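Report on one structure; see the data block that follows.
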């Protein structure tokens with residue numbers, strides 16, 4: 001079976017292939033599938049966004065498409081940045097982290113000292129003909145006051161995993177994949193397959 005990975009994020013492609021690749025058969029990147037589309041993620045939930053992307057890429061390629069949507073949900077910020085995690089600041093990953101830490105400092109000034117957070121991920125696998133499978137996964141921890149570690153991507157340098165005892169940016173890929181939200185969602189999808 002050939003499956004198109006409906007993401008342009010090379011880190012996600014690598015993670016998906018490491019966690020689930022052999023079980024899916026041949027996985028193609030969007031570039032390998034000849035797709036330049038980037039569907040707008042305008043859903044209200046991670047699952048809705050994952051389905052939007054997978055449905056569109058499946059339609060364009062006539063191949064099964066696997067997509068995910070994930071984000072960081074911070075309790076003191078009412079679950080923000082949530083589905084807006086990648087575009088939280090309107091800038092890049094560094095800007096997103098800076099805005100997150102700034103907003104947590106403001107919350108603390110207002111008397112809210114809670115730094116607990118979780119990453120959530122929804123994955124969707126859409127087949128030609130309309131069959132759809134979805135699964136979700138989460139991992140819990142808290143936001144550090146400064147960046148720690150040099151690995152990972154996105155919010156990894158400020159997300160301290162209580163299970164690993166370190167930030168995702170300090171963890172090896174194997175360690176991170178063992179407890180990550182994406183890893184859990186992909187393993188839940190694997191069970192459905």
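Laboratory data are not the source of any read-out in this text; all were calculated from the coordinates shown. Owing to the predicted nature of the structure, the values given are computational and were not obtained by experimental measurement. Here the Cβ positions follow ideal geometry from the backbone for every residue, glycine too, while neighbour counts run over all protein chains shown.
Hey, could you grab the Kirkwood Rh for region 2-192? Inverse mean 1/r over distinct alpha carbon pairs, Å, one decimal.
Working: mean 1/r = 0.0591 Å⁻¹.
Hydrodynamic radius (Kirkwood, Cα pairs) of region 2-192 is 16.9 Å.
Report the relative contact order of region 2-192, percent, no decimals, based on alpha-carbon pairs under 8 angstrom and at least 6 residues apart.
Working: 397 pairs, mean separation 37.1, N = 191.
Reported as a whole number, the value is 19 percent.
For region 67-139, take every pair of Cα atoms, bin their distances at 5 Å starting from 0, and report each bin as a whole percent.
It works out to 4, 15, 21, 20, 15, 10, 7, 5, 3, 1, 0, in whole percents.
Between helix 93-109 and the chain, what is the angle of the helix's C-alpha long axis to the longest principal axis, kept within 0 to 90° and rounded to the nearest 10?
40
Relative to the first principal axis of the alpha-carbon coordinates of the chain, what is the inclination of helix 181-192, with its axis defined by its Cα atoms, in degrees from 0 to 90 and to the nearest 10?
Tilt of helix 181-192: around 30 degrees.
Which of 51, 193, 66 has the fewest other C-beta atoms within 10 Å, and how do the rest follow up to the most? Don't jump to the answer; show the numbers that get you there.
Values: 51 21, 193 10, 66 25.
In order of increasing Cβ crowding within 10 Å: 193, 51, 66.
Rounded to the nearest Å, what's the spacing between the alpha carbon centres of region 108-139 and region 22-89? Just the number, please.
If we compute the Cα centre of each part, the gap is 11 Å.
Please identify, among 153, 168, 119, the residue showing maximal mean-square fluctuation in a Gaussian network model of the chain using a 10 angstrom Cα cutoff.
Highest fluctuation of the listed residues: 153.
How do 88, 155, 140 line up, fewest other C-beta atoms within 10 Å first?
Details: 88 21, 155 25, 140 15.
By the 10 Å Cβ count, ascending: 140, 88, 155.
For the Cα atoms of the chain, what angle does the longest principal axis make with the long axis of helix 46-61, in degrees from 0 to 90, nearest 10?
Relative to the chain, helix 46-61 is tipped by roughly 30 degrees.
How high is the relative contact order of region 70-177, given as a whole-number percent (alpha carbon pairs under 8 Å, six or more residues apart)? Provide the component values of the computation, followed by the final result.
Values: 193 pairs, mean separation 21.9, N = 108.
The normalised contact order for region 70-177 reaches 20 percent.
Please report the equivalent ellipsoid semi-axes of region 82-193, computed as sqrt(5 x eigenvalue) of the Cα gyration tensor, largest first, in whole Å. Write out the running numbers ahead of the final one.
Numbers: eigenvalues 159, 56, 33 Å².
Equivalent ellipsoid semi-axes, largest first: 28, 17, 13 Å.
Taking every DSSP beta bridge with both residues inside the chain, roughly what % is antiparallel (nearest 5)?
On the way: 27 of 32 bridges.
Approximately 85 percent, going by the DSSP bridge assignments.
So how do 38, 92, 68 line up by other beta-carbon neighbours within 10 Å, fewest first? Write down the numbers at each step before the final one.
Numbers: 38 13, 92 9, 68 29.
Listing 38, 92, 68 from fewest to most nearby Cβ atoms yields 92, 38, 68.
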